[in-house]
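What follows is a short report on a single structure.
The values are calculated or read from the model by the stated rules, or taken from the named source; none is laboratory data. The structure displayed is predicted, hence computed values, not measured ones. Every residue, glycine as well, gets a Cβ built from its backbone with ideal geometry; the counts of neighbours run over all protein chains shown. What goes into the accessible areas is simple: the full protein's heavy atoms, side chains included, and nothing from ligands, DNA or RNA. Shrake-Rupley method; radii C 1.70, N 1.55, O 1.52, S 1.80 Å.
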Amino acid sequence: MNAILALAYRHLALNPHLSDRNVPNKQEAALQYYYQTLHYVQKAMQYSGYKRSLELLATTLIISAYEMLDNSTKDWERHLEGVFLIQRSQTIHGESGGLHSAVWWAWLCQDIWAAFREKRKTLTFWVPQKPLSELSPHELSRRSIYNTAKVISYCADTVTEADIGRRVDEANHLRKMLDDWQRHLTIEFSPLPLGSGHQSYFRPIWICPPAFGMDEKTVHYNP
């Protein structure tokens, strides 16, 4: 609960439309709950059962999100790596199921952003085992997150003249992986055409995936 309150107050503190009169001492409250969380986790780590608990995974990820909003690069990177090590020690990955998988995918989203910002590779080395033909629409959308992580890791790799051949092979493999994913997209991902009266510099597509219960969204892109 302290972790949730820390993240919530940090989010409120970043809202320029909320004055201290509306929600007083937002920043101070966020720091208070943040340090209370760290103190609690430090004490709880003395118990072996807590080290393998879902509570530890969820708490650490929430604190990681707090540090992402706090723009604390050093603390954030440390907690991202900490969640990675906890998950690796318990063999938790994107196909573990339940809250384990939910935490893993949420962690990967954070690590993707951190890796993109720091121009580094993503931490995960897990390889999905389920074939694309067996994935549900929700699983296909999550697989796109994994693909993004692989693209960022590829772009972050340093290149020398001796590595050109290897890099070309890796690029071809990555392109094949992306093409395979696109070929397996289900009808929920199919765009709907807009009316002829819509004017835009970019050709628009209208995406409304009913399986995910999303509102209709217009996406503009440059073909």
Place the peptides 170-177, 7-14 in order of packing, highest mean first, counting for every residue the other Cβ atoms within 10 Å and averaging per peptide.
7-14, 170-177
Over all directions, the average projected area of the alpha-carbon convex hull for region 1-109 comes to how many nm²?
7.2 nm²
Calculate the FRET efficiency for GLU170 and MET45 from the Cβ-Cβ distance with a Förster distance of 45 Å, rounded to the nearest 0.05.
0.70
Carbon and sulfur atoms: what percent of the 1.4 Å accessible area of region 1-107 do they account for?
56 percent
Probe 1.4 Å, accessible area per residue of region 1-155, Å²:
56 Å²
State, to one decimal in nm, how far the label point of ASN71 lies from the label point of SER53, with both points 7 Å from Cα in the Cβ direction.
3.5 nm
What residues of region 15-59 lie in the reach of a label at LEU99, counting those whose backbone N is under 13 Å from a point 7 Å from the Cα along Cα→Cβ?
50-59
